[in-house]
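Quick notes on the structure that follows.
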Amino acid sequence: MFDQALKFLLDTAFGLITYAFLLRFAMQWLHAPFRNPLGQAVVALTDWAVKPARRIVPGFKGLDGSTLFLAWLAQFAWLAALHLLSGLAAFAGAAWVTLALLAGVELVKSALWLLIIVVFAQAILSWTAPDGPFAGVLNALTFPFLAPVRRRIPPLGGTLDLSPLFVIVLAQLALMLPVHWLEGAVLTLFR
């Protein structure tokens with residue numbers, strides 16, 4: 001019972017920080033505006049680590065390498081904490097490599113889940129509050145993924161846009177097939 005409560009607290013704390021770093025990276029990469037409540041919250045949650053990390057980890061072709069590295073590091077620490085909580089022995093050399101690779105795979109999974117959540121939120125808010133405070137950031141985060149689908153699949157009846165549904169289904173398929181296979185490959189590689 002105590003282990004479950006501790007796992008819940010670890011999942012909550014590490015999940016919040018990992019997704020905050022990942023969202024900050026996505027917002028910078030997709031040029032989403034930070035002058036909104038969501039952007040300000042993300043900056044407040046991550047500035048303490050991003051600013052010092054920028055002195056050490058350089059960017060690459062306009063991508064913020066420090067924020068992506070911190071997202072991976074938070075995911076790695078999350079997996080290491082869960083590993084230690086499960087009562088497994090201390091880390092051997094192969095365990096560190098496995099956790100490092102698994103953290104990368106988990107980060108891809110987190111990015112796909114973030115995409116699903118953002119597309120879903122954007123679809124709901126486009127019906128209820130299309131000009132709300134989150135519209136700009138959600139549109140910027142979803143447009144690169146929805147636009148190619150919208151070009152190929154026109155709205156039904158001229159008004160019903162199914163592109164969010166297709167993007168969510170494709171992201172779910174990516175989670176089920178290549179990402180699941182990659183996760184299994186990493187786990188079996190070091191057994």
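If a residue must be exposed (fewer than 15 other Cβ atoms within 10 Å of the Cβ) and more than 25 Å from the chain's Cα centre (by Cα), how many such residues does segment 166-191 contain?
Of the residues in that region, 1 qualify.
Going by what's in this entry, would GLY59 be described as under 19 Å from the mean Cα position of the chain (by Cα), more than 18 Å from GLU106 (Cβ to Cβ) and open to solvent by 50 Å² or more (accessible area, probe 1.4 Å)?
Here the answer is yes, as GLY59 does meet what is asked.
Across segment 97-110, what is the number of residues that are crowded, with 18+ Cβ neighbours inside 10 Å and within 10 Å of the chain's Cα centre (by Cα)?
3
I'm trying to understand the selection: among the residues of segment 1-19, which are open to solvent by less than 50 Å² (accessible area, probe 1.4 Å), β-branched (Val, Ile, Thr) and out of contact with any Ser or Thr (no Cβ under 7 Å at 6 or more places or on another chain)?
ILE17
Just give me the residues in segment 135-165 being open to solvent by 50 Å² or more (accessible area, probe 1.4 Å) and closer than 24 Å to LEU107 by Cβ, in sequence order.
Within segment 135-165, PHE143, PRO144, PHE145 qualify.
Just to be sure I understand the filter: pairs with C-beta atoms under 7 Å, separated by 6 or more residues or on different chains, first member in segment 146-163 and modelled with pLDDT of 85 or more, second member surrounded by fewer than 10 Cβ atoms within 10 Å (Cβ to Cβ). Which pairs pass?
LEU162/LEU156
The values are calculated or read from the model by the stated rules, or taken from the named source; none is laboratory data. Everything quoted here is computed from the prediction, not taken from an experiment. Neighbour counts run over all protein chains shown; Cβ positions are idealised from the backbone, glycine included. What goes into the accessible areas is simple: the full protein's heavy atoms, side chains included, and nothing from ligands, DNA or RNA. Shrake-Rupley method; radii C 1.70, N 1.55, O 1.52, S 1.80 Å.
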